[in-house]
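Engineer: Below is the structure I would like to discuss, written out as C-alpha cells.
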Amino acid sequence: VEDNEINCEIVEFMLKEAGAEVVTANDGKAAVDTFMESDIGTFDCVLMDLMMPIMSGYEATRVIRSLDRPDAKSIPIIALSANAFDEDVAMAKDAGMNEHLAKPVDMRKMFKVMSRLKC
C-alpha cells in the first residue's frame, strides 16, 4: 500500500522477482476495501506506507484489525515509511502493525522480517 507510484513499482518488482504474487493499493482506503472484498486467507502480508491521502496507514491498519474475520487479527502488517523516528515506530505498533521498516527499503531486511513473520 503506497501512494508514491515509483516506490510502489520498485517494491512490487523486487517482490515479484522473489516469486511473490503482489496486489497494490494507492491509499489506505483502497487497501481496506481490497482486503474486505478478498476471501479469508487471500493475503499473507500487508506492506503499508504510513502517510497517504484519503486514509493513512495507521487508520487503515486499525480498520483492518477491527474487521470481523479471523485473518484481520493475524495478518502481518509491516510499515514501510520514511517516518522512522522512535515515535513513528511506536505509533505504527500502537495502530496494530507488527513491524516498521524505514525507507528507502533495505530489501534484504524486508525479506528477513517477512520470513520471520511467515509472510
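Engineer: Can you tell me which residues in region 16-33 are under 18 Å from Cys119 (Cβ atoms) and open to solvent by 30 Å² or more (accessible area, probe 1.4 Å)?
Structural biologist: Lys16, Glu17, Ala18, Gly19, Ala20, Glu21, Val22, Val23, Thr24
Engineer: Right, another one. Kindly evaluate Thr34 against the criterion of being in contact with a helix residue (DSSP H, G or I) (Cβ under 6 Å, 6 or more places away or on another chain), in a helix (DSSP H, G or I) and within 22 Å of His100 (Cβ to Cβ).
Structural biologist: Working: in contact with a helix residue (DSSP H, G or I) (Cβ under 6 Å, 6 or more places away or on another chain): no; in a helix (DSSP H, G or I): yes; within 22 Å of His100 (Cβ to Cβ): yes.
Here the answer is no, as Thr34 does not meet what is asked.
Engineer: Output yes when any residue across region 34-42 is among the acidic types (Asp, Glu), surrounded by fewer than 12 Cβ atoms within 10 Å (Cβ to Cβ) and without any contact (Cβ under 8 Å) to a residue 40 or more places away in the chain, and no when none is.
Structural biologist: Checked region 34-42: at least one residue is among the acidic types (Asp, Glu), surrounded by fewer than 12 Cβ atoms within 10 Å (Cβ to Cβ) and without any contact (Cβ under 8 Å) to a residue 40 or more places away in the chain.
Engineer: As an exercise: evaluate Val89 against (1) touching a helix residue (DSSP H, G or I) at 6+ places or on another chain (Cβ under 8 Å); (2) surrounded by 15 or more Cβ atoms within 10 Å (Cβ to Cβ); (3) without any contact (Cβ under 8 Å) to a residue 12 or more places away in the chain and give the number of the one condition it does not meet.
Structural biologist: (1)
Engineer: Run Ile64 past the list (1) surrounded by 19 or more Cβ atoms within 10 Å (Cβ to Cβ); (2) out of contact with any Pro (no Cβ under 8 Å at 6 or more places or on another chain); (3) closer than 26 Å to Arg108 by Cβ and report the number of the one that doesn't hold.
Structural biologist: Looking at each condition in turn, Ile64 falls short on (3).
Engineer: Among the residues of region 43-57, which ones are of a type in the set (D, E, K, R) and either surrounded by 19 or more Cβ atoms within 10 Å (Cβ to Cβ) or over 11 Å from the mean Cα position of the chain (by Cα) (or both)? Steps first, answer last, please.
Structural biologist: Taking region 43-57 first, the residues of a type in the set (D, E, K, R) are 44, 49.
Of everything in region 43-57, just one residue is of a type in the set (D, E, K, R) and either surrounded by 19 or more Cβ atoms within 10 Å (Cβ to Cβ) or over 11 Å from the mean Cα position of the chain (by Cα) (or both), namely Asp49.
Engineer: Name the residues in region 1-14 that are aliphatic (A, V, I, L, M) and either without any contact (Cβ under 8 Å) to a residue 12 or more places away in the chain or open to solvent by 40 Å² or more (accessible area, probe 1.4 Å) (or both), would you?
Structural biologist: If the condition is that a residue be aliphatic (A, V, I, L, M) and either without any contact (Cβ under 8 Å) to a residue 12 or more places away in the chain or open to solvent by 40 Å² or more (accessible area, probe 1.4 Å) (or both), then Ile6, Ile10, Met14 are the ones that fit.
The values are calculated or read from the model by the stated rules, or taken from the named source; none is laboratory data. Quick caveat, the model's predicted, so the values are computed rather than measured. Because the Cβ atoms are built from the backbone with ideal geometry, glycine has one as well, and the counts that use them run over all protein chains shown. Side chains are part of the model used for accessible areas, which takes the heavy atoms of the whole protein and leaves out ligands, DNA and RNA. Shrake-Rupley method; radii C 1.70, N 1.55, O 1.52, S 1.80 Å.
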